[in-house]
Each structure stands twice: as C-alpha cells, then as structure tokens.
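Structure first, commentary second.
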Amino acid sequence: MSSSLGRIAAIGRTTFTELARLRVFYVLVLFALVLIISSSFLARISLQQELQVTKDIALGAINFFLSMLAIVATAQLLPRDLEDRVIYSVLAKPVRRFEYMLGKFFGVLGLLVISLVAMSILCLAVIHLREEAAVRETMQQLSQSPSDELDHALVAVHQAGANRDLILALLLTLTKAAVLVSLTLCVSSFATSNIFTISAMAMVYLVGHLESIARDYWLHQRAAGWLARTFLAVVAFFFPDLQAFNLSDQIIAASSLSNLMLLKLLGLGAIYIVGYIVIAIAIFSQREL
Amino acid sequence: MTEPAIHVSDVTKVFATPFRRRRIVALQHLNLEIAPGEIYGLLGPNGSGKSTTLKIILGLIEPTRGSVRIFGRDHSAVGVRRDIGFLPENAYFHKFLTGAETLRFHAKLSGLSGRETKSRIAELLATVGLARAGDARLSTYSKGMLQRIGLAQALIHHPKILVLDEPTAAIDPAGSRDIQNLIVSLKERGTTILLSSHLLTQVQEVCDRVGILHRGKLLREGHLEDLLAIENQTEFIVENATPDFLDGLEQQIASTNARVVRRKPQTSLEQFFLKVTETSDE
C-alpha cells in the first residue's frame, strides 16, 4: 500500500516537474495575472459595481485559464510519454497502470493548485485594494451624511468586496478544473494524438457550459418524457455540467452560497472525477502499448 | 531442476487494425527458453516481431495465445517486474530531468530506500561513464549518453533479468564496446540477459545462444558454435609461422583432396577501428 502510494507520488512529482519546466504554462498564468490586474482599470462605474465587475473579470480569467491549463497540460502527457518511450521504462518497473494514471492526475492537480494559489493571491490583493479605495471614497462622499447612511453604504462596499463566496468560487473553479483533468485523461487513454484530445475537450468545454440552459429549457417542456430524460442523463455524464461550478452570477449578485449547495457541488465534482478516472484506468489497462 | 529465467510457450500475437478490417499476425507459435545467467540474442529484420516479443515478456502487451513465465511466475504479475530491467529502443526518457533525477525517479518506482537510492545512483552513473553528466538535463545528452542513462535506469534495482532492445544503437564503437563489456560483466554476476540487436558482430561476441525471428516465426535457434560451425571446414590460427612453412603446409593440403579457402586471417572492421582509436588516445 505504502509502496503503491510512493510510486503514485513519484509519478505525480515527475509529472508536476515536467509541466512546471514547460515555459508555455507560465505564459498562460502570466496572461491570466495581467487580465486580473487590468480588470481593476476596466471598471469605472459606481463604487459597488466597480468592485463587482473587477471580481467578475478576475474570476472569469482565473476560471478560463485554469480550465485551459487543465486540458492542455493533461492532453499532452500520455502522447509525450509514448513518443519518448518513457512509458515503456516506467511500466516495465513494478508499476500498475492505475498508479501511473493517478500519478498523472495528481501531478497536473498539483500544478493547477499552485497556479490557482498564485492567481488567487493576486486577485484577492487587487480586490482588497479596490475595496479600500471604495471605503475611502464612500467615507469622503458621505462625510456630511447621517452615520446610519454611512454605515449602510460601508456594509454594501464590504459585501461587494472579498468575501467567503469569492473563496468558495475559487474552490469550485479548482473542482471544475479537476473534473476537466480527469475527463481529459479519460479521452487521452484511448486517443492517438493530443490534437484529438484537445479538440474533443474543446467540444466538451463548450457543451458543458451550455447544457444546463438546454436542459432547463427541455425539462420545462411538458413533452419531456423518459426518452428525453434518459438522453439528458447520458449527455450529462459524458458532458459534465461545467456551468454548475461557475459562481460568477452569485458573486455579482452578492448572494450567499449555502453550505448544502457547496457540498452538493463538491460531491458532484467528486462523482465526475472518480467516474472519469475509473473509466480512464479501465481503458488504459486494456491498451496495448 | 532450475526454473528457466524466461519461458515463452507457444505464443501467438495478432494485432487487430482499427475497425478490425485487417489482422496483423506479429508472432506465430513462439517458443523460447532462456536459462538463468544466459545471454540470449534475438535477431531479425525490422518488423520480424522482436520488439513484440520483448513487450509480451515485460507484460506491456498480452499474447493472443500462449503463456510467458518469468522464473516460474506468470509474466503479467506486477511483482515479476521487480526481477526485470528494461532498456527500450531509442528511448529519450524525461528530457526535463537530469541524469541523477531520472535514476532517482526509477529507483522510487522500483521501491528502493532513500539511502540505497543515493549510493546506487552514484555507483551507476560511474558504471555507465556519466559521473560528470549526472546533473545535466537529458535534453542536453547525446544519443549515446541517453542510451547509457537508459541502461543505468534498467539496472537501478539489481534486476535478475535484463531485457535490452537494441542496446548499442546510435552509440559510437568505443561506447558500444563499453556496453558490451558491461553486459559480459553482468553475466559474470549471474544476470540473465535477453537482447535484440541488428549488430550481428556484437551479438556473436557476447551471446551464448541466439534465435532468428522472421515474420513472427522463430526460424533457427541454438548455441552460436553450433549454428555457425561449417561442417566441412577447419580453422587454425597460427602465429609467427614462416612463409616457407606455410607454403609447405599448403602443398601438403593440396596433395589430399582438401583445399585452402583463405590463408590470411582478417580482423573485423570494429576491432580495427577500436585498435586505431585506442592507440591514438594513448
């Protein structure tokens, strides 16, 4: 058991090193960071709106770049190992194929966590600075107003700034990226090239963001019978509902996410991740190398 | 009776092409038995089934029919691979790792302890002549250096069996000779070695037995002296004989029904090259 964990850790660490030493990913993260910083200059509306738009753009940038990182980084792992014949020397050691796949998964996940932490620190710093500026401006503007009015305005500014939901949104962004990693691993376990994997995942990404709209529309039709429901269930499995992990709307509306809802979303993410990884391992175990 | 190190029994491998429109028979009823401590050479042209045979032995692919046993155990058991080291053909390994990191990674996969890993890395880097290049990334290595680090990773866990797919491909003659010497020294320590190669001279120099594969069938197999012996010819290699003596001997031979096929023995081009370059180094 411990040696199995050791092998998974070794493969994970090497996968992380491999990705961390590819400079192209730094460019992606850097691009996201630039977008986060520039978001504070893009928004010049009312104080609260300014904060909310900054958060929205920053979250959107983190969400998009983390998803792209998850797909692109994972898609090239297996083809590269096959091309360089690394896979033969690894699997000729006492390594089980599930250990190899889990190592790859955790390696990419490690990269995503570090990228997310870097982007989140900057995002929170930008929002904190905007929040402080908004507080100063509010106090200046309402210096002559009654204290009740000032308190009310300050509470509104703090609600629009960095709060618990922003952290939860970042956590769910990571969950979504982990779902994408597991699904990309699943696709690349039978794909013959990383171009196929990336193309397939681009489609999954698109459908995954639109399917909730289609599903809501379809299920609200009275004609939605068992056939339509079965079809939707199949689509929902192969195309994970990625929009479910997107909390931008709640963040903009400054409405709080309940703990139950959070647990449901994390549970949904875990089901997708485990399901895709199990399928990926099953396919990869049968693959002739 | 001692268990064979590798026992391949009636193995057939059929690859189905996409949509199963065509079937490719890569191996047909292959039987191999390699004794512990033996060096066995698998020869054959490209596409003859050598790499497929090695992959089946390593458990990387499953045979369509037949069985493979490693020291009496089924080849698909993961534990069996603790006894096997493998050097793939033209392996590039992880280019972003250094030589030492590559060996550390493979040591971890093989379950070596931290202390053992450290000493083993130093020992192997020295053995394969990469002691000074251990901290350089593999992306800066030449093909010959990659082959050496590949050999080191195959040996990291003291395997009882070493499987080498074209071990000296892309290596200069001197490096090739070093690997050849290493193979012989491993045999002296009891390691069983199965190698596939196109370089027949080398195979002839190091292997105890060879098998010749062609289109998935084992055409011939046996000890080199048996396979290469020419029944109606005799070879003497005589040193410092005078021309008069040799002329007399030749006349004596001619007086019977025999004839001299070649009078002056020749060295191989490889031996000649090594002698010239080694002399120049001195």
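Computed from the coordinates by the stated procedures, all read-outs in this text should not be read as laboratory data. Just so we're clear, the structure is a prediction, and the values are computed from it rather than from any experiment. No Cβ is skipped: glycine too gets one built from the backbone with ideal geometry, and neighbour counts run over all protein chains shown.
Overview of values
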| item | result |
| --- | --- |
| Segment A:A118-A:E288, extension gain: residue separation times 0.36 nm, minus the distance between their alpha carbons | 57.3 nm |
| Inter-chain shielding of A:81-90 (mean C-beta neighbours from other protein chains, 10 Å cut-off) | 6 |
| 5 angstrom amide H check on B:I39, placed H, neighbours 5+ away | B:I193, B:D208, B:R209 |
| Highest to lowest packing among B:69-77, A:167-175, scored as the average C-beta count within 10 Å | A:167-175, B:69-77 |
| Net charge dipole size for segment B:6-228 [Lys, Arg +1 and Asp, Glu -1 on Cβ; Debye, nearest 20] | 940 |
| Rg/Rg_ref, segment B:6-228, where Rg_ref = 2.2 N^0.38 Å and atoms are Cα | 1.02 |
| Equivalent ellipsoid dimensions for chain A as semi-axes, Å, which come from the Cα gyration tensor, largest first | 40, 24, 15 |
| Protection proxy ranking, peptides A:182-190, B:256-264, A:209-217, B:8-16, average beta carbon neighbours within 10 Å, highest first | A:182-190, B:8-16, A:209-217, B:256-264 |
| Neighbour net charge for A:S182 - beta-carbon separation under 12 angstrom, K R +1, D E -1 | +2 |
| Computed [θ] at 222 nm, deg cm²/dmol, chain A (DSSP H ≥ 4; -39,500 (n - 2.57); rounded to nearest 500) | -28000 deg cm²/dmol |
| Calculated P(r) tail over 21 Å for segment A:137-212, as whole % of Cα pairs | 56 |
| Inter-chain shielding of B:101-111 (mean C-beta neighbours from other protein chains, 10 Å cut-off) | 6 |
| Test item: B:31-43 mean partner chain Cβ contacts at 10 Å | 0 |
| For B:A241, net neighbour charge (Lys/Arg +1, Asp/Glu -1) across residues whose Cβ lies under 13 Å away | -2 |
| DSSP bridge pairs, chain B: antiparallel proportion in percent, nearest 5 | 55 |
| Evaluated over the protein assembly as shown, the Cα radius of gyration and Dmax, each in Å | 32.8, 134 |
| Counted charge near B:E221, where neighbours are those whose Cβ lies closer than 15 Å (Asp, Glu -1; Lys, Arg +1) | -2 |
| Simple label model, 7 Å out from Cα along Cβ direction - A:K264 to B:T64, nm | 5.3 |
| For segment B:160-187 and segment B:70-121, distance of Cα centres in Å | 17 |
| Cross-link table A:K176/B:K55; B:K55/B:K187; A:K93/A:K176; B:K50/B:K264, entries beyond 28 Å C-alpha to C-alpha | A:K176/B:K55; A:K93/A:K176; B:K50/B:K264 |
| Extension gain, B:R82 back to B:T140 (0.36 nm per residue minus Cα-Cα distance, nm) | 17.9 nm |
| Mean projected area in nm² (Cα convex hull; one quarter of hull surface) for segment B:58-141 | 6.9 |
| Gap separating the Cα centres of segment A:184-198 and segment B:195-271, nearest whole Å | 53 |
